[in-house]
1. Could you check segment 187-206 and list, in sequence order, the residues that are open to solvent by less than 30 Å² (accessible area, probe 1.4 Å) and either assigned to a loop (DSSP other than H, G, I, E, B) or free of Cβ contacts under 8 Å to residues at least 40 places away in the same chain (or both)?
2. Going through THR217, THR184 one at a time, which residue ends up being polar (S, T, N, Q), in contact (Cβ under 8 Å) with a residue 24 or more places away in the chain and in contact with a Leu (Cβ under 8 Å, 6 or more places away or on another chain)?
3. Inspect segment 101-117 for any residue being under 30 Å from ASP44 (Cβ atoms), in contact with a Cys (Cβ under 7 Å, 6 or more places away or on another chain) and in contact (Cβ under 8 Å) with a residue 60 or more places away in the chain and give the result as yes or no.
4. Please enumerate the residues belonging to segment 105-129 that are under 21 Å from THR207 (Cβ atoms), assigned to a loop (DSSP other than H, G, I, E, B) and open to solvent by less than 70 Å² (accessible area, probe 1.4 Å).
5. Within the group ALA102, ALA79, ALA132, which residue is over 29 Å from ARG4 (Cβ atoms) and open to solvent by 30 Å² or more (accessible area, probe 1.4 Å)?
6. Any idea how many residues of segment 8-49 are part of a strand (DSSP E or B), open to solvent by 20 Å² or more (accessible area, probe 1.4 Å) and not acidic (Asp, Glu)?
7. Listed residues ARG147, ARG163, ARG178, ARG209; which is of a type in the set (Lys, Arg), surrounded by fewer than 19 Cβ atoms within 10 Å (Cβ to Cβ) and touching a residue at least 40 places away in the same chain (Cβ under 8 Å)?
Amino acid sequence: MTARIGVVTFPGSLDDRDTQRAIRLAGAEPVALWHKDKDLHQVDAVVLPGGFSYGDYLRAGAISRFSPVMETVIEQAKAGLPVLGICNGFQILTEAHLLPGAMLGNNHLHFICRDQKLRVENAGTAWTSDYAAGQEIHIPLKNMDGRYVADEYTLDKLEAEGRVVFRYLDFNPNGSLRDIAGVTNEAGNVVGLMPHPEHAVEPLIGTGRTDGLPFFTSILKKLVNA
């Protein structure tokens, strides 16, 4: 039976179709989910894609966090449903308190779009098992509000528990504290990151590499072997 991975579309999402394509390339079935529909249609995992949901009014992700679909996502994520938040999706996960910390405007106050070098810090999550800890990868990055912040206690806790999943290398593109590019929850089923793995799944586009594809093959293998 083919694993089914839902991709939520909010008003202002712009990477939902790219994410669906990445899921299909990995061998799973993408399922389109609408923000007003609480029903997740029996998907095995959920991706909150990148974009500018609700125009990033108030704060990036602050309005989407209250969309009807998020009520179910929050409930099921706490019960173990794998959830990946990419860029705006990461912002929504912090606003929903499924991940610690918050996302603020880039420290240079400009939108940034570039290929970004990352180091995989945790290959033990539901979304990163096809990587190796310490592996260096290149993933496209594009954001205006990508600066990850948290208090020192939270940062120390994330570091001590191995919950920093990705770290920026060579260049910190947004001023994120401790060069953090992505984090996970305690259970490892919820992961959020600012770079866009769905844009690095085919040699023809993005970075010209497929460094983002293991996100989607990782979750597929977890679901198939569950």
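The values are calculated or read from the model by the stated rules, or taken from the named source; none is laboratory data. All of these numbers come straight from a predicted model, not from anything done at the bench. FYI the Cβ positions are ideal-geometry reconstructions off the backbone, even for glycines, and counts take in every protein chain you see. What goes into the accessible areas is simple: the full protein's heavy atoms, side chains included, and nothing from ligands, DNA or RNA. Shrake-Rupley method; radii C 1.70, N 1.55, O 1.52, S 1.80 Å.
1. Those that are open to solvent by less than 30 Å² (accessible area, probe 1.4 Å) and either assigned to a loop (DSSP other than H, G, I, E, B) or free of Cβ contacts under 8 Å to residues at least 40 places away in the same chain (or both): GLY188, ASN189, MET194, PRO195, HIS196, ALA200, VAL201.
2. THR184
3. As a first pass, look at segment 101-117 and keep what is under 30 Å from ASP44 (Cβ atoms): 101-103, 116.
Keeping just the survivors that are in contact with a Cys (Cβ under 7 Å, 6 or more places away or on another chain) gives none.
Looking through segment 101-117, none of the residues is under 30 Å from ASP44 (Cβ atoms), in contact with a Cys (Cβ under 7 Å, 6 or more places away or on another chain) and in contact (Cβ under 8 Å) with a residue 60 or more places away in the chain.
4. Answer for segment 105-129, where residues must be under 21 Å from THR207 (Cβ atoms), assigned to a loop (DSSP other than H, G, I, E, B) and open to solvent by less than 70 Å² (accessible area, probe 1.4 Å): ASN106, GLU121, ALA123, TRP127, THR128.
5. On the way: ALA79 fails: over 29 Å from ARG4 (Cβ atoms); ALA132 fails: over 29 Å from ARG4 (Cβ atoms).
Checking each option against the conditions leaves just ALA102.
6. First, pick out the residues of segment 8-49 that are part of a strand (DSSP E or B): 8-9, 13, 29-34, 45-48.
Restricting the remaining residues to those that are open to solvent by 20 Å² or more (accessible area, probe 1.4 Å) gives 9, 13, 29-30, 32, 34.
Now restrict to residues that are not acidic (Asp, Glu): 9, 13, 30, 32, 34.
Going through segment 8-49 one residue at a time, the tally reaches 5.
7. Working: ARG147 fails: surrounded by fewer than 19 Cβ atoms within 10 Å (Cβ to Cβ); ARG163 fails: surrounded by fewer than 19 Cβ atoms within 10 Å (Cβ to Cβ); ARG178 fails: touching a residue at least 40 places away in the same chain (Cβ under 8 Å).
Criteria check complete, one pass: ARG209.
Rundown of residues vs (1) more than 17 Å from VAL191 (Cα to Cα); (2) in contact with a Pro (Cβ under 6 Å, 6 or more places away or on another chain), yes/no style:
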position: PHE10; (1), (2): yes, no
position: LYS36; (1), (2): yes, yes
position: ASP39; (1), (2): yes, no
position: LEU58; (1), (2): yes, no
position: ILE63; (1), (2): yes, no
position: GLY80; (1), (2): no, no
position: HIS97; (1), (2): no, no
